[in-house]
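Below is one structure; the comments refer to it alone.
The values are calculated or read from the model by the stated rules, or taken from the named source; none is laboratory data. No experiment lies behind these values; they were computed from the predicted model shown. Here the Cβ positions follow ideal geometry from the backbone for every residue, glycine too, while neighbour counts run over all protein chains shown. These area figures cover heavy atoms from the full protein model, side chains too; ligands, DNA and RNA do not enter into them. Shrake-Rupley method; radii C 1.70, N 1.55, O 1.52, S 1.80 Å.
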Amino acid sequence: MAYIEPAPIKDKENPLESMMSRFDAAAQMLGITEEMYYILKVPARQVMVGLPITMDDGSIKVFEGHRVIHSTILGPSKGGIRLDPGVTLDEVRALAAWMTWKCAVVDIPYGGAKGGIACNPREMSAGEIERLIRAYTVAMLDVFGPDRDIPAPDMGTGPREMAWLMDEYSKSRGMTVNAVVTGKPLVLGGSLGRTEATGRGVTVAALSAMDKLRMNPYRSSAAIQGFGNVGSFAAELLHERGVTVMAISDVTGGYYNNRGIDIGAALAYRNANKGTLEGFNGAERITNEELLALPVDVLVPAAKEDVITAENADSIQAKMIVEGANGPTSASADDIINEKGIMVVPDILANAGGVTVSYFEWVQNRIGYKWTLDRINRRADRNMKDAFDRVFETSQKYKVSMRLAAYIVAIDKVASTYKFRGGY
Ligand code: NAD
């Protein structure tokens, strides 16, 4: 009897549901068997733990933690840990699958995983968060491991939490095991280039797409939504490559200048202004919605999910969309965008520069050697470019969008690896 997902996500505009519908479409296109479909869909392992933590006031609070290993077919599983009050097993399960496809599409020897603890880190002290991370690590000792499952930062976690995780895991093993986690501080074996890696990968993806569409970067313009880690590095690097960045935005709104924003000035302003662009005067004010509809060549949504939907897709005038954020385009917008002839470089390809450099961090930890920034950038750029070319060729071969092609590349890779390895 076919496996039935225990708790389907019903909302069609949900980014995780959008991901699953694209997975289904690509699996159908590839013509994989029903057996293979379920092998690829059902998570390999799901772990739920209760974590009693002593709070600063002496009370004991129990937190629920999850870790879902979606797949280990390509290698050890990889995926972030999020601390968020809304974390559920369903969400973690879908995000773990997303990681499988992302790693496969950029040809990294990892399966996908995700972890989460339902808590509100903004209302917790550093000591409480530290105890929570250490307790979670101990509860996951038989899950984590440099050859088994390698966590990383996600929403609500960063280098600090990864350092605690690495320390607790190392203590339990009686030796330093820095390859158990990526996204560590540099002194603990973090990698050079990780901070800018996602924005850099977005830039390589955009330039590769421009090349295919015979667009000259020096005569092209871009609008970038989100001026955080991904958006600001993408803006800086696209600007460096000659692209006129006409608009940027953050949670405070959009900033537009048709002669090009001075990205250096915008970065300096943001850094001196508590991380936001509020009050930046090198541009005229627009809304985030208006930014999406600007007549630019390249649109980079790099803020949050579900910003391009069936409601606003028709107003988009860009020639290409390069998805820096995860799930910025809902599945219901796909047909409209495709009909308009807009090329979309999908999230699982465009923002995979980050996981690529996380993989390099793990490689460096395992060989006990630190690569130079130049080496990391060159290798990451080549990996992104190769992945782009593979997806582009697949989109030509199957006459499908780049998004469907990315899923086809990923599913085909995992399915054919499974066939070689064999089952029971
Ligand atoms: P970030 O927190 O550093 O930056 C987010 C930016 O978006 C900020 O400028 C914020 O002001 C802006 N923003 C928030 N809400 C907004 C709204 N409603 N409208 C417009 N702007 C808004 O986050 P980030 O690390 O840059 O991540 C951005 C996206 O990229 C997320 O979808 C994330 O999942 C995805 N992503 C990040 C990485 C990475 O390595 N950082 C890797 C892959 C994917």
Tally of residues being within 21 Å of the chain's Cα centre (by Cα), under 20 Å from HIS239 (Cβ atoms) and assigned to a loop (DSSP other than H, G, I, E, B) across region 276-319: 2
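Please note which strands (runs of 3 or more DSSP E) are completely contained in region 221-261 and include at least 3 residues that are in contact with a Gly (Cβ under 9 Å, 6 or more places away or on another chain) and either within 16 Å of the ligand (Cβ to nearest atom) or open to solvent by 10 Å² or more (accessible area, probe 1.4 Å) (or both).
Numbers: elements: 221-225, 244-250, 253-256.
Output list reads 221-225, 244-250.
Against the condition open to solvent by less than 40 Å² (accessible area, probe 1.4 Å), at pLDDT 95 or above, within 16 Å of the ligand (Cβ to nearest atom) and farther than 14 Å from ALA234 by Cα, how does GLY190 come out, does it pass?
Numbers: open to solvent by less than 40 Å² (accessible area, probe 1.4 Å): yes; at pLDDT 95 or above: yes; within 16 Å of the ligand (Cβ to nearest atom): yes; farther than 14 Å from ALA234 by Cα: yes.
So GLY190 fits the description; yes.
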Conditions (1) surrounded by fewer than 17 Cβ atoms within 10 Å (Cβ to Cβ); (2) more than 14 Å from the ligand (Cβ to nearest atom); (3) within 26 Å of the chain's Cα centre (by Cα); (4) not β-branched (Val, Ile, Thr); number of the one not met by ALA272: (3)
Qualifying residue in region 320-338 (condition: outside any loop (DSSP other than H, G, I, E, B), open to solvent by less than 70 Å² (accessible area, probe 1.4 Å) and of a type in the set (Asp, Glu)): yes
Pairs with Cβ under 7 Å, 6+ apart, first in region 206-217 and open to solvent by 60 Å² or more (accessible area, probe 1.4 Å), second part of a helix (DSSP H, G or I): LYS212/PHE392
Qualifying residue in region 344-365 (condition: assigned to a helix (DSSP H, G or I) and open to solvent by 70 Å² or more (accessible area, probe 1.4 Å)): no
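Answer yes or no as to whether ALA350 is in contact (Cβ under 8 Å) with a residue 60 or more places away in the chain and either on the phi < 0 side of the Ramachandran plot or in contact with a Gly (Cβ under 7 Å, 6 or more places away or on another chain) (or both). Give the steps one after another, and end with the answer.
Details: in contact (Cβ under 8 Å) with a residue 60 or more places away in the chain: yes; either on the phi < 0 side of the Ramachandran plot or in contact with a Gly (Cβ under 7 Å, 6 or more places away or on another chain) (or both): yes.
For ALA350, the condition - in contact (Cβ under 8 Å) with a residue 60 or more places away in the chain and either on the phi < 0 side of the Ramachandran plot or in contact with a Gly (Cβ under 7 Å, 6 or more places away or on another chain) (or both) - is met.
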Every pair of residues 6+ apart whose Cβ atoms lie under 7 Å, when the first sits in region 303-330 and is within 22 Å of VAL204 (Cα to Cα) and of a type in the set (A, V, I, L, M, F, W, C) while the second is part of a strand (DSSP E or B) and near the ligand (Cβ under 7 Å from one of its atoms): ALA303/GLN225
